[in-house]
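A short write-up of the structure that comes next.
The values are calculated or read from the model by the stated rules, or taken from the named source; none is laboratory data. Since the model is a prediction, treat every value here as computed from it, not as a measurement. Counting neighbours? That spans all protein chains shown, and the Cβs are built from the backbone with ideal geometry, glycine included. Accessible surface areas use protein heavy atoms only, side chains included; no ligands, DNA or RNA. Shrake-Rupley method; radii C 1.70, N 1.55, O 1.52, S 1.80 Å.
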Amino acid sequence: MHTLIIGAGVVGLSIAWELCKRGQPVSVLDARQAGRGASWAGAGILPPAPLRNVVHPYEQLASLSHRLHSEWAVELRDKTGIDTGFRRCGGIYLARSRAEFATLKANELWWQEHGIDFEQWDLELLRRRVPRLMTQATPELLAAWHLPSEWQLRNPQHLQALMEACRGGGVNVFEDCEIASLERAGQRVTAAITSDGKRWQADVFCICSGAWARQLLDQLQLANGIMPVRGQMLLYKLEHPPFTQVVNDGNRYLVPRDDGHLLAGSVEEEVGYDCRTTQAGLKQIRDWAEEVFPDLRNAQLKKTWAGLRPGSFDGLPYIGQVPSQENLFIASGHFRSGLHLSPGTAVCLADVMLGQESPIELSDFRVGRG
Ligand SMILES: Cc1cc2nc3c(=O)[nH]c(=O)nc-3n(C[C@H](O)[C@H](O)[C@H](O)COP(=O)(O)OP(=O)(O)OC[C@H]3O[C@@H](n4cnc5c(N)ncnc54)[C@H](O)[C@@H]3O)c2cc1C
């Protein structure tokens, strides 16, 4: 059963790898360079996931993915020799207003119920554990929470490893192949057609084109709420890693890498398919990052970029078989969590594609909902 995957981001490549491990022939096409979409632009944070009392399918997907990341990091390193940068680094959540304090305090109940370890740190403990963070703390910093089960990936390395593992397993990855439409006969897709008119045939097709997935779904007249949500990022370089934990402040974060690189992000902007950075967006992140961690004022700012998250109207991804099309599947719309949710998505969808039962009930993720 030859599968053709449209889109070589982390989701498409993870599905390709999972199918390849199960002995299936796979090709992956990307409109541009493989692994250079949102998956490259992201931060690679793997937030804590529930371990027990996991009821909602989204939580089940996060839980499964969290567990699989530990296994995939080892498998990928063994297969390719590439260190994906998977680190059990822990995460710190700052409460800088009474409202944030109340929210994080309320989260404690949820963490407890789901078996997620946490520790509340007062300011003295925060300064002892992470000495140079918040040195010029504004008076509104009230407390911090430490969650050891927040982890990180170095996403460009993870993508590189996935690509090599796929290629090593016989997966063909084709770049600069933009799929413009799907040719259909009755309930089946017969070919994917590129913008220059070339036909790509396969037994099974899977749409993994991230924020761009809606273009193909619209053609199929399938209701979907996928939309691009731009995020911007700054990359600093310090001589040594200043701390090991991811630092979260609302939707913004600092992600330290082992070699002294440090990412600062991000913003959420609905500006269509415009993937450029803006001075205003970068300034907003920079002002915040350099306030939270003043050492960054003297660090080298190496690079800035933007990426398009595949947002969905209800925050849930689209995963499963496309209605009325026997051999068409989708995995798109993972918004801010596609790197985190990619291994679980791959395992569930590979099961469905091969006619097996998915470990997670996928109906909440169906196309055409809402
Ligand atoms: C700034 C930022 C920070 C983020 N941080 C995190 C994080 O810390 N943790 C986390 O889990 N997630 C994070 N995310 C979200 C995460 O990056 C995405 O959810 C994830 O990368 C989506 O993966 P994807 O494979 O669906 O999409 P993409 O990586 O965008 O891949 C889609 C691919 O499809 C290709 N394509 C598009 N149209 C076509 C077509 N017609 N034909 C062929 N190919 C096509 C594109 O070229 C692209 O390569 C972040 C995102 C951004 C932008």
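For every residue, the table says whether it meets (1) away from the ligand (no atom under 12 Å from the Cβ); (2) assigned by TED's automatic domain parsing to the domain that holds residue 234; (3) out of contact with any helix residue (DSSP H, G or I) (no Cβ under 7 Å at 6 or more places or on another chain).
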| position | (1), (2), (3) |
| --- | --- |
| 22 | yes, no, no |
| 33 | no, no, yes |
| 36 | no, no, yes |
| 40 | no, no, no |
| 45 | no, no, yes |
| 55 | yes, no, yes |
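For residue 142, the conditions (1) over 27 Å from residue 83 (Cβ atoms); (2) surrounded by 13 or more Cβ atoms within 10 Å (Cβ to Cβ); (3) free of Cβ contacts under 8 Å to residues at least 24 places away in the same chain are fulfilled apart from (3). I'd like the full set of residues that are under 18 Å from residue 177 (Cβ atoms) and crowded, with 19+ Cβ neighbours inside 10 Å, limited to segment 9-26. Within segment 9-26, 9, 11, 12, 13, 15, 16, 26 qualify. Residue 326 meets all of the listed conditions (1) open to solvent by less than 10 Å² (accessible area, probe 1.4 Å); (2) within 21 Å of residue 184 (Cβ to Cβ) but one, namely (1).
All of 277, 304 fail the test of being more than 27 Å from residue 56 (Cα to Cα), out of contact with any Pro (no Cβ under 9 Å at 6 or more places or on another chain) and either of a type in the set (Lys, Arg) or in a strand (DSSP E or B) (or both), apart from 304. If you check residue 267 against the conditions, is it assigned to a loop (DSSP other than H, G, I, E, B), among the hydrophobic types (A, V, I, L, M, F, W, C) and more than 18 Å from residue 18 (Cβ to Cβ)? Yes, satisfied.
If you go through segment 169-191 and keep only what is modelled with pLDDT of 95 or more, among the small types (Gly, Ala, Ser) and under 22 Å from residue 217 (Cβ atoms), you end up with 180, 181, 185, 191. Residues of segment 219-241 that are within 11 Å of the ligand (Cβ to nearest atom) and open to solvent by 30 Å² or more (accessible area, probe 1.4 Å): 219 alone. Kindly indicate whether any position in segment 208-218 is part of a loop (DSSP other than H, G, I, E, B) and open to solvent by 50 Å² or more (accessible area, probe 1.4 Å). Scanning segment 208-218 turns up no residue that is part of a loop (DSSP other than H, G, I, E, B) and open to solvent by 50 Å² or more (accessible area, probe 1.4 Å).
Among the residues of segment 320-370, the one identified as away from the ligand (no atom under 14 Å from the Cβ) and within 16 Å of the chain's Cα centre (by Cα) is 347. Residues in segment 240-264 that are assigned to a strand (DSSP E or B) and either at pLDDT below 95 or charged (D, E, K, R) (or both): 249, 252. In the set 96, 167, only one residue is open to solvent by 40 Å² or more (accessible area, probe 1.4 Å) and of a type in the set (Lys, Arg); that residue is 167.
Where in segment 1-113 are there helices (runs of 4 or more DSSP H), lying wholly inside it, with at least 2 residues that are at pLDDT 95 or above and charged (D, E, K, R)? Helices (runs of 4 or more DSSP H) meeting the threshold: 10-21, 57-80, 98-113.
Screening the candidates 343, 323, 359 for the property of being closer than 22 Å to residue 46 by Cβ and in a loop (DSSP other than H, G, I, E, B) yields one hit, 359.
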